[in-house]
Amino acid sequence: MPSRAPTTPAPLTRASHPSAADATTGTPPRLPAFLMGIGLGGFVDGILLHQIFQWHHMLTGGNGGEPMTTVAGLEANTLADGFFHLTTWAFVAVAGYLTVRAWQRRELAPPWRAHFGMLLAGWGAFNVVEGLIDHHILGIHHVRDDLGAPLGWDLAFLAFGALLIGVGLAMAKSGERIAQAHGAPGGFRRRRA
């Protein structure tokens, strides 16, 4: 039997990586960035408003029943805040998973402007949904429970969320238009083989 020389795998080169021409779709996935925005918006709310500013916690509103001025209230709110952070982390984890799956399917990455726009839209969607449900419908907390829950802060939170959605969607749309203007179907430039 003739002996075989050991084989070594071919080195990875730029040519061996998927290119835009190898992509399976011309339209990038938007959902990962949107979900990432929801999760990161939740982290901004939880870290900045709950922990650093300590304006409110998950259950400090009139219907939440757990004041932030007692040890028992802080313990209950710390637990509720922990579940809140776990949920926002899950949004970020799912977004990361979907992004990797898109790469594995050789889907193109969105232009930065479109990606960042969808992040902002996701953050805005978080603010609007969380603000409507927790602040207005359930009343379990408000933006400034430390000041007696003035309505103006809750309305400003909703307005800021709506602004983020509007600016984010406009950015995403303009990012796709710019990419299309540079000759890319679906908003992406394709290399010639």
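Values as computed for the structure displayed
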item: Residues within the range 77-125 that are surrounded by fewer than 20 Cβ atoms within 10 Å (Cβ to Cβ) and in contact with an Asp or Glu (Cβ under 8 Å, 6 or more places away or on another chain), tallied; result: 2
item: Out of Ala5, Ala109, Ala21, Ala93, sole residue that is over 30 Å from Leu147 (Cα atoms), of a type outside the set (Phe, Trp, Tyr) and modelled with pLDDT of 85 or more; result: Ala93
item: Single residue of the range 65-88 satisfying the filter (in a loop (DSSP other than H, G, I, E, B) and out of contact with any Leu (no Cβ under 8 Å at 6 or more places or on another chain)) that is farthest from Arg144 (Cα to Cα); result: Thr70
item: Residue that is surrounded by the fewest Cβ atoms within 10 Å (Cβ to Cβ), among those in the range 45-70 that are touching a Gly at 6+ places or on another chain (Cβ under 8 Å) and free of Cβ contacts under 8 Å to residues at least 24 places away in the same chain; result: Pro67
item: Given (1) free of Cβ contacts under 8 Å to residues at least 60 places away in the same chain; (2) over 30 Å from Pro28 (Cβ atoms); (3) touching a helix residue (DSSP H, G or I) at 6+ places or on another chain (Cβ under 7 Å); (4) of a type outside the set (D, E, K, R), index of the condition Val92 fails; result: (2)
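Here is a yes/no grid of residues against (1) within 22 Å of Leu35 (Cβ to Cβ); (2) in a loop (DSSP other than H, G, I, E, B):
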{"site": "Phe126", "(1), (2)": "yes, no"}
{"site": "Glu130", "(1), (2)": "yes, no"}
{"site": "His136", "(1), (2)": "no, no"}
{"site": "His141", "(1), (2)": "no, yes"}
{"site": "Ala156", "(1), (2)": "no, no"}
{"site": "Phe160", "(1), (2)": "yes, no"}
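The values are calculated or read from the model by the stated rules, or taken from the named source; none is laboratory data. None of the values given here were measured: they were computed from a predicted structure. All Cβ positions, even for glycine, are placed from backbone atoms using ideal geometry, and neighbour counts span all protein chains on display.
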